[in-house]
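**Student:** Quick one: the structure is below, questions incoming.
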Amino acid sequence: MFPNRSITRSATQGAALPVALFIIVVMALVGAALVRIVVDTSAGVVNDVIGQRAFNAARSGAELFLVQLFPLDEPTNESLCEERDAALSPDDNVAVYTESFTTAGLHGCSAHVYCDFAAAEGITHFRIVSQGRCDAGDLSYTKELLLEASDASL
């Protein structure tokens, strides 16, 4: 059917070796890229989880402090906070409440709460900064919340 068409064996010998090497190299690069993606994704998940724990620690610290600042059926406990000084930033204040958590979800986390107040027209306005911190190995994650509250009734 195809006269005069003969392929010699020596012309095709060894042609599969370069193709096989090429495929092996390409597959190794794809595998290495996939491993890197999985490692980066798992590190991102760890950052998200520990960061959320730090946020929860900050929120829990703020809520525990608010219970002390506004006790049920008692007047506001203004003595927990310093009077606001316009020359100072909230970072210059000294922590008025510190909590180290031992519960399962917040183990290794702590909260430091800072508070100041200003009175105007018979209403006391409180500025509360809560910093949550969680340690994970040699890394430390922090989140900060700023709350504003007043003793005014609705």
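**Student:** Pick out which of Ser140, Ser100, Ser79 has the largest mean-square fluctuation in a Gaussian network model of the chain, springs linking Cα atoms closer than 10 Å.
**Tutor:** Among Ser140, Ser100, Ser79, the largest mean-square fluctuation in the Gaussian network model of the chain belongs to Ser79.
**Student:** Further question: Excluding Cys134 itself, what net charge comes from residues whose Cβ is under 11 Å from its Cβ, given Lys and Arg +1 and Asp and Glu -1?
**Tutor:** +2
**Student:** Using the charge dipole of segment 10-150 (Lys, Arg: +1 at Cβ; Asp, Glu: -1 at Cβ; taken about the Cα centre), state which of Val25, Gly61, Ala104 has its Cα farthest towards the positive end.
**Tutor:** Highest projection toward the positive end goes to Val25.
**Student:** Amide H neighbours of Thr124 under 5 Å, counting only residues 5+ apart in sequence or on other chains, H built in-plane at 1.01 Å?
**Tutor:** The list, which skips near neighbours in sequence, is Asp151, Ala152.
**Student:** How big, on average over all directions, is the shadow cast by the Cα convex hull of the chain, in nm²? Working shown, then result.
**Tutor:** Values: hull surface 84.9 nm².
It is 21.2 nm².
**Student:** With each pseudo-label sitting 7 Å past Cα toward Cβ, what's the Ser42-Leu146 distance in nm, one decimal?
**Tutor:** So the two model labels end up 3.9 nm from each other.
**Student:** Which percent, nearest 5, of DSSP beta bridges in segment 10-150 are antiparallel?
**Tutor:** 95 percent
**Student:** Another question, then. Compare Leu66, Leu106, Leu34 in a GNM of the chain, Cα atoms joined below 10 Å, and give the one with the largest fluctuation.
**Tutor:** Comparing Leu66, Leu106, Leu34 in a Gaussian network model of the chain, the most mobile one is Leu34.
**Student:** Once fully extended, how much extra length lies between Glu121 and Ser79, figured as 0.36 nm per residue of separation less the alpha-carbon to alpha-carbon distance?
**Tutor:** Additional length available on full extension: 13.2 nm.
**Student:** What angle do you read, to the nearest 10 degrees and between 0 and 90, between the alpha-carbon axis of helix 16-69 and the longest principal axis of the chain?
**Tutor:** With both axes taken from Cα atoms, the answer is about 10 degrees.
**Student:** Below 12 angstrom from the Cβ of Val67, what's the summed charge of the other residues (Lys, Arg +1; Asp, Glu -1)?
**Tutor:** Numbers: positive: none; negative: Glu63, Glu74, Glu99.
Surrounding charge for Val67 is -3.
**Student:** Okay, next question. Go ahead and set up a Gaussian network model of the chain, Cα springs under 10 Å, then flag whichever of Ile24, Ile123, Ile50 fluctuates most.
**Tutor:** Taking springs between Cα atoms under 10 Å, the residue moving most is Ile24.
**Student:** Local charge sum around Val49 (other residues, Cβ-Cβ under 14 Å, Lys/Arg +1, Asp/Glu -1)? List each step's numbers first, then the result.
**Tutor:** Numbers: positive: Arg53, Lys143; negative: Asp48, Asp135.
Every neighbour counted, the sum reads 0.
Coordinate-derived values only; no laboratory data. It should be emphasised that the depicted structure is a prediction, and the values quoted were computed from it without experimental measurement. FYI the Cβ positions are ideal-geometry reconstructions off the backbone, even for glycines, and counts take in every protein chain you see.
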